[in-house]
Amino acid sequence: MSLSDAPGPRWRPAPLLPRDEEREVSLHFVVAVLCFLACLMAVGGVSADRAARGWARDLRGEATIQVRPRLGETGDEAAARAAEAVAGVRGVTEAAALEKQKAEALLEPWLGKAVLQDLPIPHLVTVRLDRAHPATATDLKKALDRAGVDADVDDHARWLKDVERSAGVVRWAVAILFSLTAAAAAAVIAFATRAGMAARRDVVEVLHLTGAKDAFIANLFQLRFARLAAVSGVFGAGAAAAVTALIELVGGGQGFTPALPLTWMDLLTVSPCPLVAATVAALSARLTTLRLLRGTL
Amino acid sequence: MSRQPTPRAAAAYGAEEAFDPTTGPVVRFQNVGMRYGRAPEVLKDVGFTLPVGSFHFLTGPSGAGKSSLLKLIYLANRASRGTVQLFGHDVERVARADLPYLRRRIGVVFQEYRLLDHLPAFDNVALPLRIAGRKPQTYRDDIAELLTWVGLGHKMQAMPATLSGGEKQRLAIARAVVTQPELLLADEPTGNIDPEMSLKILRLFVELNRMGTTVLIATHDQDLVGRAGMPVLHLNEGRLSRKATRRAPEPAAPDYGPELGPEYEPEPDEPELGYDLGDEEGEA
């Protein structure tokens, strides 16, 4: 009896599911593109969130006082008095009257130089607040009243609400788009699993009739598509990281634009992508396989 | 592989009668009918039993329902009516999750082989053992020996597509018997192989039968049936119309070895064959 053709002691059984190179290349591409888009969305979301937080922080850290001078008092004098009055308030780190030239410079782009000469320029005091424990508009108003300064205090609350609302919208939009992308990836994997089971119905039937449990067969498809998605995830995440790095390089150290401040740390955002893609694919393939098998004896 | 159902499976079966592994019956059909969709019944009022350790041929013309009957036994289809019991358990009452445990007790040689084309011969034979959770090291040598025995020792790494019809058939047989199943079903197992190899395969079946495996072989090969000298279940137009115990023709029979043919006699302790046929008809 010759056992010459027998496998050696290190023999390991071959994979039970045949590879389908042609279908897998297409699937790799689709899943990689979805991962790429999801990663860009994640990076964009993180960046937008950072921008919104920065704007909110800036708004919370400042207040503006518009001063109306008393009779016989110049605007500059009134502004100086107001700055002095609020400078001692707890939660204020700095208060300074805005010089008339600076105020005009702020308005000039909107109104033009000629018009400015005929307009009463508001007398403003810019107040920097302690970020940890900022003074409230009420605190500032009380201090101004005590000093006999007729003024209005703007703590930017209205703008702050708008910024926070916008930031919330961006966060939800990113979460929804990310979920849609993941759902699309899951649907693609489910479709591929269904197609794979149909294409290898012979394999599934033989396994089934030879006594394989549903979980055994589901594991085969689950592992196949999890591996595929993980590899696709690496490519998609890599491409997204490359694009992020390019934007960071083009934008310089300060970020691409003030509206989308990126950092090198944002590259880490894409790192869970292969794992997430594999998990989504594994779940989708498993559930699809089990559902299809449940229809058999 | 355990030959007994798991405690969970046993509990789930809710068997009406206890299955005695020494007496069986392994298979019991009672008034079984089967149809595909809304088509007419392909099996009608079929009733029979296969005791433990029995060896039967299932014969009948094409379209008589032989393959359908086997499909009911290896749990590829459900009966439309009647009762099918396997190892003492009504298959209709067995939880779906426990059916794999029953299937693992049955070896099947499919008519169309059903080999996995992407796996080498060796891996095809290893399939039932992998499914049963055995470690590769524990069965590697057994498979090599079995493949050598069926004449495929030099083609263990060959892909099924490169094998001839007869080689595929032998590979399918090796896969069916590798677990030493309690029940072996074969659908035309000698359809594509030469007489010499047919006999060798039959000897393997007989050997397995002597070791306790219950065997049911569907075949058109009347010559093989005649020479084996085993009882016959005959299907005609979906009805199990007769039983017969054929004996090999004495004069012209070639020498098939001591186990078969004229010299073959059932073991003294072989269980009594039991039948539950409507209109039995003996045959010389």
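The values are calculated or read from the model by the stated rules, or taken from the named source; none is laboratory data. Computed from a prediction, not measured in an experiment: that's the story for all the values here. So basically every Cβ, Gly included, is an ideal-geometry build from the backbone, and we count neighbours across all protein chains shown.
Counting residues in region B:131-147 that are away from every other protein chain (no Cβ under 11 Å) and touching a Gly at 6+ places or on another chain (Cβ under 9 Å) gives zero. If the condition is being under 15 Å from residue B:184 (Cβ atoms), aliphatic (A, V, I, L, M) and at the interface with chain A (Cβ under 7 Å from one of its Cβ atoms), then region B:83-119 contributes only B:108. The number of residues in region A:122-168 being under 25 Å from residue A:104 (Cα atoms) and assigned to a loop (DSSP other than H, G, I, E, B) comes to 4.
Suppose we filter region A:74-101 for residues that are of a type in the set (D, E, K, R) and loosely packed, with under 14 Cβ neighbours inside 10 Å; how many remain? Counting residues in region A:74-101 that are of a type in the set (D, E, K, R) and loosely packed, with under 14 Cβ neighbours inside 10 Å gives 3.
If the condition is being at the interface with chain A (Cβ under 7 Å from one of its Cβ atoms) and either surrounded by 22 or more Cβ atoms within 10 Å (Cβ to Cβ) or of a type outside the set (Ser, Thr, Tyr) (or both), then region B:148-157 contributes B:153, B:154, B:155, B:156, B:157. Would you mention how many residues in region A:193-208 are of a type outside the set (Lys, Arg) and in contact (Cβ under 8 Å) with a residue 12 or more places away in the chain? Residues meeting the conditions: 9.
Scanning region A:215-252 for residues that are within 14 Å of another protein chain (Cβ to nearest Cβ) and surrounded by fewer than 20 Cβ atoms within 10 Å (Cβ to Cβ) turns up A:215, A:216, A:219. Given the conditions (1) more than 10 Å from every other protein chain (Cβ to nearest Cβ); (2) aromatic (Phe, Trp, Tyr); (3) without any contact (Cβ under 8 Å) to a residue 60 or more places away in the chain, report the number of the one that residue B:122 does not fulfil. Evaluating residue B:122 over (1) more than 10 Å from every other protein chain (Cβ to nearest Cβ); (2) aromatic (Phe, Trp, Tyr); (3) without any contact (Cβ under 8 Å) to a residue 60 or more places away in the chain leaves (1) as the failure. Within region A:16-27, being surrounded by fewer than 17 Cβ atoms within 10 Å (Cβ to Cβ) and modelled with pLDDT of 85 or more holds for A:25, A:26.
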